[in-house]
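Student: I'd like to ask some things about the structure below.
The values are calculated or read from the model by the stated rules, or taken from the named source; none is laboratory data. Note that the coordinates shown come from a computational prediction; the quantities given were computed from them, not determined experimentally. Note that we place each Cβ from the backbone using ideal geometry, even for glycine, and neighbour counts take in every protein chain shown. We work out accessible area using only protein heavy atoms, side chains counted, and drop any ligands, DNA or RNA first. Shrake-Rupley method; radii C 1.70, N 1.55, O 1.52, S 1.80 Å.
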Amino acid sequence: MNNEIHSVLPNIINHTLVTEAQYRELYEYSLRDPESFWGEQAKKYITWFEQWEKVFSGGFDKVDVHWFQGGKLNASYNCLDRHLEIRGDRPAIIWEGDDPKESEIISYRSLHEKVCRFANVLKQYGIKKGDRVCIYLPMIPEAAIAMLACARIGAIHSVVFGGFSVEALKTRIQDADCKMVVTANEGVRGNKMIPLKRNVDAALQDCPHVNYVVVVRRTKNSVSWDQQRDIWYHEAIARVNVECEAEIMDAEDPLFILYTSGSTGKPKGILHSTGGYLLYVAITHHLIFDYHEKEIYWCTADVGWITGHSYGVYGPLANGATTLLFEGVPNYPTSSRFWEIVDKHSVNIFYTAPTAIRALRREGDEWVTRTSRKSLRILGTVGEPINSEAWEWYFRIVGQERCPIVDTWWQTETGGIMISALPGATPLKAGSAAWPFFGVAPLVVDDNGNILPEGKMGKLVITQPWPGMLQTVYKNAERFINAYFREFPGWYLTGDQAYRDADGYYWILGRSDDVLKVSGHRIGTQEVESALVLHSAVSEAAVVAKLDEIKGQSIYAFVTLKIGVHPSEDLKKELMQTARNSIGAIAVPETIQWAEGLPKTRSGKIMRRLLRKIVDNDLANLGDLSTLADPTVVDELIKICQKK
Ligand code: WT7
């Protein structure tokens, strides 16, 4: 790893919120006295209807953590109402359409009105506090409006990424037992149409508890219609009142569910709270992006992911910021699109993923340098480790060596950013997420839970609760404990591998479990395997990650066919389609490798570790093969993989 320190330029220091000395002092204080630290921040960042009785209680030993118990607030009130007086006419959302000719600016006042109207629609169709509402929308303002409207009446939203398939949508609606789905007739991305309403129609064949589907008319194309069940969004909001009082919620009432993949079984419904979550995303958005009043902030993540929730919607709006929502893709109409949007709306803070940076870097500097980008001040990255080539390009070409990069490490479960530089305060090292945020206590440990010395790679755990942490896995407390607190009782297990260097910088190297990061999207190996074995020709499948220059990782699937089935290119295509149908395009294997047999332990467990080494051609480090049931399988696999 590159240990060079990039000095941060003076114009940044002058503009910064926290200096290095302040960081150290505050960090130390936040761990020594979390009660006082978070109590003070909660008063500063959140408007409470009633103050909490206790800042936090419980801990990781019994996994009985509570934040701001007894406190009353409403997330939508914090994101809207309280800004009206001073920021009512300021833009809350700048929406940039897929087509560069389409954009819209929505002021805080107007967003407030839209949210109140839609909240009344929810109520009119029977949605009550605690009910779950599925949001399956493209990147249009209605996505944020629907989320905030749910929050306003205390309904729990479950946003499902528009790229997920019918099957994936269905299992998420069923698991959360949603009563309503909010969707669009179609989505538009890169000038292609996505049949969202058609997917919802198909998914709802097996979801008897969904009573109503609200449909935003995004395109002119018509869709099939169920008179009893389907409601046009634009008609419904025109029929209701513009006034809707924000429901008084407990700090610990759930705000939303968001599904994410783990190393076992089906995706988990990660449940986030109202008080702790909102505070955590507000403070991290403010300090890590060094947000200053009136600046234009843009996070490119889709609202279907946690980044879109925390740093596209809740964090920035809680802070009264202007957040840009982009419907399209980085390379449509051309690979200049991101930078053209930066210039068009004078974006100051830009937050994206390494995979996008790598893909744009490959297209050449010219797409970037033909734009001005003079408004940019801070750059951010998230989702997977950023390699130093991509980092340097982002820093030098995109940011013209003027803008610090915040490499932000966090997870769906953590709610907000956990490890990151603070602009101006933290000298940057390319490829390192740098230092923990206030109140975050990470440790790197070995498999037995021994704390590792500097420079030694191990498992990353968090030893103290923080306000943004997940409350549980929806309706599955046991899975919550098993996934995060079973391996090292008393600590939260991140599932990542990392080391800490002599300057206290964390270097996150990737997952230590069976979770893949493909273009920053989180996919469980078992999920893809389960999808592949749905095909009648497949006997067994084992999925591992293969290193990929642009995507970071790609999906490499070993497939054993049933006896008598002949491998063919057509069959490969069918299997890819099976993965697409069961999960979505993000889960389609890049490579399908036919295998006569898979390496298994004597107890029948597939040794994915071995498959990973074979795929990466790391044959010198295959390790101990003596536990294999049939070691000849390995030679066979090496032979066929090398033929490629
Ligand atoms: C996993 C969580 C939370 C935002 C989007 C992803 C990886 C995330 C970084 C980073 C290295 C990173 C980790 C983590 N990851 N950010 N800056 N450097 N790795 O959320 O889908 O829940 O994925 O993304 O492996 O565990 P997610």
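Student: Identify the GluC sites (Glu not before Pro) of the stretch 225-270 meeting these criteria: DSSP loop state and at most 16 other C-beta atoms within 10 Å of the C-beta. Don't skip to the answer; put the middle values down first.
Tutor: Working: sites: GLU235, GLU243, GLU245, GLU247, GLU252; in loops: GLU243, GLU245, GLU247, GLU252.
Answer in residue order: GLU243, GLU245.
Student: Using only alpha carbon pairs under 8 Å that are at least six residues apart, calculate the relative contact order of the chain and give it in whole percent. Each step should come with its number before you reach the end.
Tutor: Numbers: 1405 pairs, mean separation 87.2, N = 644.
For the chain, the relative contact order is 14 percent.
Student: Could you tell me what percent of the DSSP beta bridges with both partners in the stretch 177-321 are antiparallel, to the nearest 5?
Tutor: For the stretch 177-321, the DSSP antiparallel bridge percentage is about 55.
Student: Express in Å², to the nearest 10, the accessible area of ARG609 obtained by rolling a 1.4 Å probe over the protein heavy atoms while all chains stay in place.
Tutor: Probe radius 1.4 Å; accessible area of ARG609 about 90 Å².
Student: How fast does the chain diffuse by Stokes-Einstein, in µm²/s, taking the Kirkwood radius from C-alpha pairs at 10 °C and 1.306 mPa s? Can you show the working numbers first?
Tutor: Values: Rh = 25.4 Å.
Reported coefficient: 63 µm²/s.
Student: Going by Cβ distance under 4.7 Å, what cysteines of the chain have no possible disulfide partner?
Tutor: When partners are defined as cysteine Cβ atoms under 4.7 Å apart, the chain leaves CYS79, CYS150, CYS207, CYS299, CYS403, CYS641 without one.
Student: Moving on to the next point. Show me the ranking of peptides 43-50, 89-96, 178-185, 519-526 by mean Cβ neighbours inside 10 Å, starting with the highest. Walk me through the intermediate numbers first.
Tutor: Numbers: 43-50: 14.6, 89-96: 20.2, 178-185: 26.2, 519-526: 22.4.
Ranked by mean Cβ neighbours within 10 Å, highest first: 178-185, 519-526, 89-96, 43-50.
Student: Using a cut-off of 11 Å between beta-carbons, work out the net charge of the residues near TYR212 (Lys and Arg +1, Asp and Glu -1, TYR212 not included).
Tutor: On the way: positive: LYS179, ARG229; negative: ASP226, ASP230.
The answer is 0.
Student: Could you please state, rounded to a whole Å, how far the C-alpha centre of the stretch 223-265 is from the C-alpha centre of the stretch 421-487?
Tutor: Here the two parts' Cα centres lie 32 Å apart.
Student: Something else about it: How large is the Kirkwood hydrodynamic radius of the stretch 515-642, counting all unique pairs of alpha carbons, in Å? Mind dumping the intermediate values first?
Tutor: Numbers: mean 1/r = 0.0673 Å⁻¹.
Every distinct Cα pair counted, the radius reaches 14.9 Å.
Student: Within the stretch 39-81, which residues have the backbone N less than 20 Å from the label spot 7 Å out from ILE481 along Cα→beta-carbon, could you tell me?
Tutor: Answer for this model: 57-67.
Student: Ignoring ligands, DNA and RNA, what percent of the 1.4 Å accessible area of the chain is carbon and sulfur? Can you show the working numbers first?
Tutor: Working: 12100 of 25100 Å².
Whole-percent figure for carbon plus sulfur exposure: 48.
Student: To the nearest 0.05, how large is the calculated FRET efficiency for THR632 and GLU4 if R₀ is 45 Å and r is the Cβ-Cβ distance? Before the final figure, lay out each step's value.
Tutor: Numbers: r = 47 Å, r/R0 = 1.05.
So the FRET efficiency works out to roughly 0.40.
Student: Projected onto the charge dipole of the chain (+1 at Lys/Arg Cβ, -1 at Asp/Glu Cβ, origin at the Cα centre), which of SER568, ILE296, VAL281 gives the Cα projection farthest towards the positive end?
Tutor: So the residue we want is SER568.
Student: If I take R0 = 51 Å and measure r between the Cβ atoms of ARG239 and LEU619 in this structure, what FRET efficiency does the formula 1/(1 + (r/R0)^6) give, to the nearest 0.05? Show your work: numbers first, answer last.
Tutor: Numbers: r = 67 Å, r/R0 = 1.32.
Computed FRET efficiency for ARG239 and LEU619 comes out at 0.15.
Student: Per residue, how many Å² of accessible area does the stretch 515-642 show with a 1.4 Å probe? Could you put the intermediate results ahead of the total?
Tutor: Numbers: 6070 Å² over 128 residues.
Using a 1.4 Å probe on heavy atoms only, each residue of the stretch 515-642 averages 47 Å².
Student: Summing Lys, Arg as +1 and Asp, Glu as -1, what charge do residues with Cβ under 12 Å from the Cβ of SER536 carry, SER536 excluded? Numbers along the way, then the final one.
Tutor: On the way: positive: LYS562; negative: GLU574.
Surrounding charge for SER536 is 0.
Student: Now, a different point. In the neighborhood of GLY97, defined by Cβ-to-Cβ distances under 11 Å, what is the net charge if each Lys or Arg adds +1 and each Asp or Glu adds -1?
Tutor: Result for the local shell: -3.
Student: Where the Cα atoms of the stretch 453-556 are projected onto their three principal axes, how long is each span, largest first, in whole Å?
Tutor: In descending order, the Cα extents are 51, 38, 21 Å.
Student: Still on this structure, please answer the following. When the label point is put 7 Å from the Cα of ASP446 along its Cα-to-beta-carbon vector, which residues of the stretch 502-530 have a backbone N closer than 20 Å?
Tutor: Inside the label zone: 502, 507, 509, 512-513.
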